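Here is the structure we will look at, set down as structure tokens.
The values are calculated or read from the model by the stated rules, or taken from the named source; none is laboratory data. Everything numeric in this text was worked out from a predicted model, so none of it was measured. Reconstructed Cβ throughout: ideal geometry from the backbone, glycine too, with neighbour counts over all protein chains shown.
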Amino acid sequence: MSDSLVSQDSLSNILIEIFNNYFNKTLNNSIYKNDKKSYEYFEILHYKRGSFYEIKIKSYNKVSNILQRIYNNPDVFQNVIINLISELNSKYNVNILINTIDKNIFQDLIILSFYRCYGMTCSNFFNFVVGKSHRAGIIPYFNLYGTEYIILGVKDYVEGIVYTDFGGGCKERRKEQSYHCAIRELNEESLGVIKNGTLTHIYSNEYIANDEYEVKQVIYFTDYTKNLNITGNINIDRHIFNIFSMQYRDLLAQSRISNPELKDIIVMEYKEFKTLPINSLAENLKDFMKLLPDKLIE
């Protein structure tokens, strides 16, 4: 699937327009026909964070016949939403992942949510079964006192040190799924020091490995903030910048691993990561950097 020309803000506006038309026009026309005095009216609210989108459809009526019908026929409504999103994907190539669509229906409110993938090689589905030459990885990040930080692996090559995500090749013969592959790689490469956080961003691209073959990859950004023991005292919380490295090196020293994937784990500001020299990045991250926004948290 080709990359979308629709920006994040534009997609938000398109989604609001689509659901506004469906609830305030299509459903009213279908149920009440020409009896416009009985029409119900809905407010469409929107929330977005990275790849995660949430749409709230709120009824202005205390008792909504339309929402009651949807509540009584959830499978029919699910199919309608899938069709609307599929048409949107087809028209704009926005890479909304169909199998992430979720819904919660209340008396006066419907909450819809789903994820979007950014990049040239996005699948139509989340956590898809990988094919040949596929890798997946995770970059954890956190927010501390208004500043965004990311957690990276450090690799030591003959040419010098490079920074990398926690990722690697997926197991095609085992029919490994992409997100499960990324979580496994995170656990293996960090020696269990870093647990997975809340998924917020999904990116996909391809690159040439070792100047020989093409590799498709998916990299997930996960919010690690809630995993941290933040005290509210900035002097105490400074230990967070060193804790991952200390724990990793201690575990590495205790292990019998002769050739570890990583030399160390480092924390750096996201804005610093965005401006790193290209030769300080692992091969898979060099073109990938073009996909990233200026800020992870809008």
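Structure data summary
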| quantity | calculated |
| --- | --- |
| Candidate set from the range 156-170 (those that are among the aliphatic types (A, V, I, L, M) and assigned to a strand (DSSP E or B)); member that is surrounded by the most Cβ atoms within 10 Å (Cβ to Cβ) | 162 |
| Selection status of residue 151, closer than 30 Å to residue 246 by Cα, assigned by TED's automatic domain parsing to the domain that holds residue 265 and buried (at least 21 other Cβ atoms within 10 Å of the Cβ) | yes |
| Test for residue 249: is it of a type in the set (Lys, Arg) and without any contact (Cβ under 8 Å) to a residue 12 or more places away in the chain | no |
| Flag if residue 190 is modelled with pLDDT of 95 or more and not β-branched (Val, Ile, Thr) | yes |
| Condition check for residue 235: of a type outside the set (Val, Ile, Thr), loosely packed, with under 13 Cβ neighbours inside 10 Å and assigned to a helix (DSSP H, G or I) | yes |
| Any hit, the range 145-155, residues being closer than 30 Å to residue 67 by Cβ, part of a strand (DSSP E or B) and out of contact with any His (no Cβ under 6 Å at 6 or more places or on another chain) | no |
| Residues (at pLDDT 95 or above, touching a helix residue (DSSP H, G or I) at 6+ places or on another chain (Cβ under 8 Å) and aliphatic (A, V, I, L, M)) located in the range 138-186 | 138, 150, 151, 152, 162 |
| Residue list for the range 171-206, restricted to those being surrounded by fewer than 20 Cβ atoms within 10 Å (Cβ to Cβ) and closer than 12 Å to residue 261 by Cα | 187, 188 |
| Verdict on residue 90 being buried (at least 17 other Cβ atoms within 10 Å of the Cβ) and modelled with pLDDT under 95 | no |
| Residues that are in a helix (DSSP H, G or I), more than 14 Å from residue 153 (Cβ to Cβ) and of a type in the set (S, T, N, Q), drawn from the range 249-298 | 254, 279 |
| Count - residues of the range 207-226 that are surrounded by 15 or more Cβ atoms within 10 Å (Cβ to Cβ) and either of a type in the set (Ser, Thr, Tyr) or touching a Lys or Arg at 6+ places or on another chain (Cβ under 7 Å) (or both) | 7 |
| Within the range 93-110, considering residues that are of a type outside the set (Val, Ile, Thr) and not in a strand (DSSP E or B), the one surrounded by the most Cβ atoms within 10 Å (Cβ to Cβ) | 95 |
| Residue 195 vs. criteria charged (D, E, K, R), assigned to a strand (DSSP E or B), assigned by TED's automatic domain parsing to the domain that holds residue 139 and closer than 28 Å to residue 298 by Cβ | no |
| Positions within the range 54-68 being surrounded by fewer than 17 Cβ atoms within 10 Å (Cβ to Cβ) and modelled with pLDDT of 95 or more, in sequence order | 54 |
| Of all residues making up the range 54-92, the number that are assigned to a strand (DSSP E or B) and either of a type in the set (Lys, Arg) or more than 18 Å from residue 16 (Cα to Cα) (or both) | 2 |
